[in-house]
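Asks: There's a structure below that I have some questions on.
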Amino acid sequence: MNEINPLLAKEEYCYLTTTGRVSGRPHEIEIWFGLRNNTLYILSGGRDKSDWVKNLMKNPSVTVRIAGQTFAGTARLVREQDEDRMARHLVAEKYHEMDDQNTPDEWARTALPVAIELTPRKESK
């Protein structure tokens, strides 16, 4: 499998497209992210109440666009404790969401972590 370009991790936002669980239509959001190898991590402040989380729980096939590059992906909730901790730190450090003790702030501690396994797809036009 090809590796995702690690320079993409420096981009400010990614664009996540899920399939609407009711409408069946594409639903795109702009969101903060962290990237480790071919796994993209995002945090949902609305936890499982966010529409995009409800959508990916019904259909985990998503697309992610970062800096004009589009990737197919499979989303999942992060459940394993070490991965959960790593995902929270990855996103919180990138966006300076750390408290005085260098631990994730309240948002990063309470948000729902989601992992997306990315596959290189195609260049966007």
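Asks: Looking only at residues that are of a type in the set (D, E, K, R) and over 17 Å from the mean Cα position of the chain (by Cα) in segment 83-107, which one is farthest from residue 47 (Cα to Cα)? Quick ask: steps written out before the conclusion?
Replies: Of all residues in segment 83-107, those of a type in the set (D, E, K, R) come to 83-85, 88, 93-94, 97, 99-100, 105-106.
Cutting the leftovers down to over 17 Å from the mean Cα position of the chain (by Cα) gives us 99-100, 105-106.
On the way: 99: 21, 100: 24, 105: 16, 106: 13 Å.
Among those residues, the one meeting the criterion is 100.
Asks: Using beta carbons and a limit of 7 Å, which pairs, at least six apart or on different chains, have the first residue in segment 6-25 and within 16 Å of residue 71 (Cα to Cα) and the second one surrounded by 16 or more Cβ atoms within 10 Å (Cβ to Cβ) and polar (S, T, N, Q)?
Replies: 8/69; 17/63; 18/55; 19/55
Asks: Let me ask something else. Are there any pairs with C-beta distances below 9 angstrom linking a residue in segment 76-102 that is touching a residue at least 40 places away in the same chain (Cβ under 8 Å) and within 19 Å of residue 11 (Cβ to Cβ) to a residue that is surrounded by 15 or more Cβ atoms within 10 Å (Cβ to Cβ) and among the basic types (Lys, Arg), with the two at least 6 apart or on different chains, and if so which?
Replies: Here the result reads 87/36; 90/36, each pair linking segment 76-102 to a residue that is surrounded by 15 or more Cβ atoms within 10 Å (Cβ to Cβ) and among the basic types (Lys, Arg).
Asks: Residue 115 is checked against (1) of a type in the set (Gly, Ala, Ser); (2) modelled with pLDDT of 95 or more; (3) on the phi > 0 side of the Ramachandran plot and fails just one. What number does that condition carry?
Replies: For residue 115, the failing item is (3).
Asks: Considering only residues that are over 22 Å from residue 83 (Cβ atoms) and of a type in the set (Val, Ile, Thr), look in segment 17-45 and name the one that is farthest from the chain's Cα centre (by Cα).
Replies: From segment 17-45, those over 22 Å from residue 83 (Cβ atoms) are 17, 19-30; that's our starting set.
Next cut, of a type in the set (Val, Ile, Thr) only: 17, 19, 22, 29.
Values: 17: 11, 19: 15, 22: 22, 29: 11 Å.
Looking at the filtered set, the residue picked out is 22.
Asks: Consider segment 59-77. How many of its residues are farther than 16 Å from residue 37 by Cα and β-branched (Val, Ile, Thr)?
Replies: 2
The values are calculated or read from the model by the stated rules, or taken from the named source; none is laboratory data. These numbers were taken from a predicted model, which means no experiment stands behind them. Cβ coordinates were reconstructed from backbone atoms using ideal geometry, including for glycine residues, and neighbour counts include every protein chain displayed.
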